[in-house]
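The values are calculated or read from the model by the stated rules, or taken from the named source; none is laboratory data. What you see is a predicted model; the values in this text were computed from it and never measured.
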Amino acid sequence: MTHRDEHPADCAAPGITVRAAAGQLRVIPVWQALGQYAAQAMRARVHCSRKHDFDEMTIMFESVSPAVLADIARRLSAQSWVVAASLRLGTSSPNVGSETGRGA
């Protein structure tokens with residue numbers, strides 16, 4: 001079953017998810033961290049969970065290599081406001097791959 005906010009193509013698209021404590025997500029620094037690859041972003045989604053006290057942003061890309069995305073996720077996870085940055089490898093299950101951060 002596909003969630004109403006998801007597009008079936010999203011499952012095949014590689015991407016990055018950045019999670020921060022509620023109210024601490026910084027959208028502009030996330031886009032800045034993408035650098036030249038920001039232009040290849042095809043979809044972005046921001047999710048706020050009041051129940052679990054976190055905000056997260058997921059960005060899917062057209063054609064950016066997993067190695068480049070992993071490097072971006074590592075740089076983002078070094079930021080003090082980031083709880084975790086995870087890599088979506090573009091498989092049928094979301095958030096498959098490496099997760100870096102300071103524990104969720």
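Residues in segment 24-70 that are modelled with pLDDT of 95 or more and part of a loop (DSSP other than H, G, I, E, B): GLN24, LEU25, ARG26. Taking the criterion of being within 13 Å of the chain's Cα centre (by Cα), closer than 10 Å to GLY15 by Cα and not β-branched (Val, Ile, Thr), the residues of segment 48-78 that qualify are MET60, PHE61, PRO66, LEU69, ALA70, ALA73. ARG75 satisfies every condition listed in (1) in a helix (DSSP H, G or I); (2) at pLDDT below 90; (3) not hydrophobic (A, V, I, L, M, F, W, C) except (2).
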